[in-house]
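Student: Could you have a look at this structure, given as structure tokens, before my questions?
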Amino acid sequence: MSASLSTRVALLAALEFIVGGIVVLGGTALVYFSTDAIGMSLGVVHAILGVTPLPARYLLLTGRAGARTLTLWVDAAIIAFSTISEILLSTTGSLASGPFADSVIGTVVAVLIATVILYQLMRARPQAPVARSSSIR
């Protein structure tokens, strides 16, 4: 692995760790500040979803097979669930206005970082080997 590639992988792994931390903390806060069962349920799912980047981070750092695929799925799930849960929280009124504003800020930050990770992984898509023409006639 080249130096620039290993630096890039380390950066993506660090960003993955940050996203997971934001989602876990956000889920925990959601459980604590929620005013109904819907908000608490969303918070529990958030906290569980926030732990899923840890295996992805480990696989990225060790260069194991499946790291890219797992990371893509984890970040896509974080983006989708975080967006849907914010919509549900805003329509059900499961949070007071102060915690809701904090929730929106945390979600925006987590979604932006997860989007950067997805973009970087999609940009570095592995290329198929170039077929060589046969020199034997």
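Coordinate-derived values only; no laboratory data. Treat the numbers as computed from the prediction; the structure is a model and nothing was measured. Positions of Cβ are backbone-derived with ideal geometry, glycine not excepted, and every protein chain shown enters the neighbour counts.
Student: With the crude spin-label approximation of a point 7 Å out along Cα→Cβ, what separation in nm comes out for Met122 versus Ala101?
Tutor: 3.3
Student: For q values of 0.13, 0.19 Å⁻¹, compute log₁₀ I(q)/I(0) with the Debye formula on a Cα-only model of the chain, without solvent.
Tutor: Debye intensities relative to I(0), on a log10 scale: -0.58, -0.98.
Student: Sticking with this structure for a sec: Test of understanding: in a Gaussian network model of the chain with alpha carbons linked when under 10 Å, which of Leu11, Leu72, Leu49 would top the mean-square fluctuation ranking?
Tutor: With Cα springs under 10 Å in the chain, the top fluctuation among Leu11, Leu72, Leu49 is at Leu11.
Student: While we're looking at this one, here's another question. How much net charge surrounds Leu60 when only the other residues with a Cβ under 14 Å from the Cβ of Leu60 are counted, with Lys and Arg +1 and Asp and Glu -1?
Tutor: Numbers: positive: Arg8, Arg57, Arg64, Arg68; negative: Glu16, Asp75.
Summing Lys/Arg as +1 and Asp/Glu as -1 gives +2.
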